[in-house]
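Down below is the structure, laid out as structure tokens.
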Number of protein chains: 2
Amino acid sequence: MSEEEAESMLLELKEKAELMVDLAYSSLLYDSKKLADEVYELEDYIDSLHYELQRLAIDDAKKGELETDEALAIIQLGNSSEMIADAAREIADVELRDVELHPILRDSIMESDEVITRIEVKDNSIMVNKSLGELELAKNTGMWVFVIKRGRKWIYDPDKNEVIKAGDILFAKGPKEGLEHFISLARGEEREL
Amino acid sequence: MSEEEAESMLLELKEKAELMVDLAYSSLLYDSKKLADEVYELEDYIDSLHYELQRLAIDDAKKGELETDEALAIIQLGNSSEMIADAAREIADVELRDVELHPILRDSIMESDEVITRIEVKDNSIMVNKSLGELELAKNTGMWVFVIKRGRKWIYDPDKNEVIKAGDILFAKGPKEGLEHFISLARGEEREL
């Protein structure tokens with residue numbers, strides 16, 4: 001494999017696995033089967049990506065482009081992302097089994113230093129018609145937007161070119177202390193980033 | 001169990017497991033056996049916490065304080081944190097096996113939207129003699145400090161009362177776009193939060 005190929009596969013495995021955990025906890029918090037289903041779909045995708053990565057690592061070891069230990073390290077890091085993805089599925093599974101979530105479960109997620117929120121973007125919000133790249137919300141509020149729900153469309157892991165529209169519902173995570181500022185911006189109560 | 005007890009155990013499992021992943025990737029990036037060892041130590045702690053949580057959930061189900069499905073959901077969420085902790089150990093294991101890290105592995109971590117950094121706090125930094133709670137770095141820069149190395153002392157998952165000293169080495173993670181501001185603050189090149 002080209003080094004770039006291995007690098008981008010490993011990176012994608014890592015990021016998708018972490019996204020899955022956020023989606024899974026969100027599915028529980030907001031009782032969303034749709035988000036839980038997405039975790040399952042991403043898991044299938046991760047499985048095939050993981051399989052490809054392992055094949056390529058071994059092929060490269062055979063060709064002498066990677067040392068045995070290097071190939072093993074790549075496989076092991078891929079495994080760890082796969083394990084995190086499995087953990088996310090375990091969480092999503094709780095949602096899909098349709099168990100009424102005991103308040104202590106919800107609280108244990110929301111009491112964390114890092115919280116998850118869901119908020120609608122109002123017409124007069126400074127976010128409207130701006131891209132995530134322009135807003136730099138993670139830098140300016142601490143909160144990362146990981147899902148946008150726009151009408152019936154769901155946008156997972158939106159990139160920096162994604163432009164926010166009035167009425168969008170944002171799922172975001174970040175430090176508890178950044179929550180208020182983020183929510184005020186989405187609601188249009190505060191206009192300064 | 002009291003509800004508070006289950007809640008705080010689940011929360012601690014979740015947060016410690018996530019901390020372990022950050023520590024594990026940091027151990028690889030900065031070739032630190034010390035951080036990798038800490039991952040192993042936390043894993044032992046998580047194992048016993050996880051065991052206690054499961055016992056309590058079943059005991060409470062027996063007493064009729066929890067529905068069977070509720071007890072199962074608690075156990076399952078505990079499992080998912082345990083799985084994430086196992087994934088972290090898998091990553092730390094790569095560091096402990098003393099394999100020379102191939103540059104593509106390091107790059108695949110650093111190319112992520114969420115990056116990890118290690119930076120020394122200079123004498124004239126605005127951070128000096130301020131607590132993490134005062135600085136609100138996660139809110140103001142997007143970057144979370146998850147380890148402070150102070151001389152020979154390592155402070156893991158520091159709380160908001162922890163006061164930063166000149167010479168501290170901070171390990172932090174956050175959005176790539178927040179990195180520059182955070183580093184400038186630590187170096188004293190920028191004085192405004």
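The values are calculated or read from the model by the stated rules, or taken from the named source; none is laboratory data. The structure displayed is predicted, hence computed values, not measured ones. Cβ placement follows ideal geometry from the backbone for every residue including glycine, while neighbour counts extend to all protein chains displayed.
Per the conditions (1) without any contact (Cβ under 8 Å) to a residue 24 or more places away in the chain; (2) assigned by TED's automatic domain parsing to the domain that holds A:Leu28; (3) under 30 Å from A:Asp31 (Cβ atoms), the sole criterion not satisfied by A:Ile148 is (2).
Do we have A:Glu82 as more than 28 Å from B:Ala88 (Cα to Cα), among the acidic types (Asp, Glu) and not in a loop (DSSP other than H, G, I, E, B) here? Judged against the criteria, A:Glu82 is not a match. Just checking, does region A:82-92 include any residue being within 13 Å of the chain's Cα centre (by Cα), at pLDDT 95 or above and within 8 Å of chain B (Cβ to nearest Cβ)? Yes, the conditions are met somewhere in region A:82-92.
Among residues of region A:171-187 that are within 13 Å of chain B (Cβ to nearest Cβ), those with a Cβ under 6 angstrom from a residue that is assigned to a helix (DSSP H, G or I), sequence gap 6+ or separate chain, pair up as A:Lys173/A:Asp22; A:Pro175/B:Ala138; A:Pro175/B:Lys139; A:Glu177/B:Lys139; A:Gly178/A:Thr141; A:Gly178/B:Lys139; A:His181/A:Thr141; A:Phe182/A:Thr141.
Of the residues making up region B:159-170, those that are in a loop (DSSP other than H, G, I, E, B) and either crowded, with 17+ Cβ neighbours inside 10 Å or more than 11 Å from chain A (Cβ to nearest Cβ) (or both) number 7.
Among the candidates A:Ile155, A:Ile126, A:Ile119, the residue that is of a type in the set (A, V, I, L, M) and buried (at least 18 other Cβ atoms within 10 Å of the Cβ) is uniquely A:Ile119.
Select from region A:97-120 the residues that are closer than 20 Å to B:Lys139 by Cβ and assigned to a loop (DSSP other than H, G, I, E, B) and write down the one among them that is farthest from the chain's Cα centre (by Cα). Restricting to residues being closer than 20 Å to B:Lys139 by Cβ and assigned to a loop (DSSP other than H, G, I, E, B), the top hit is A:Glu111.
Could you run through region A:32-47 and say how many residues are surrounded by fewer than 22 Cβ atoms within 10 Å (Cβ to Cβ) and either within 13 Å of chain B (Cβ to nearest Cβ) or part of a helix (DSSP H, G or I) (or both)? Here the count works out to 10.
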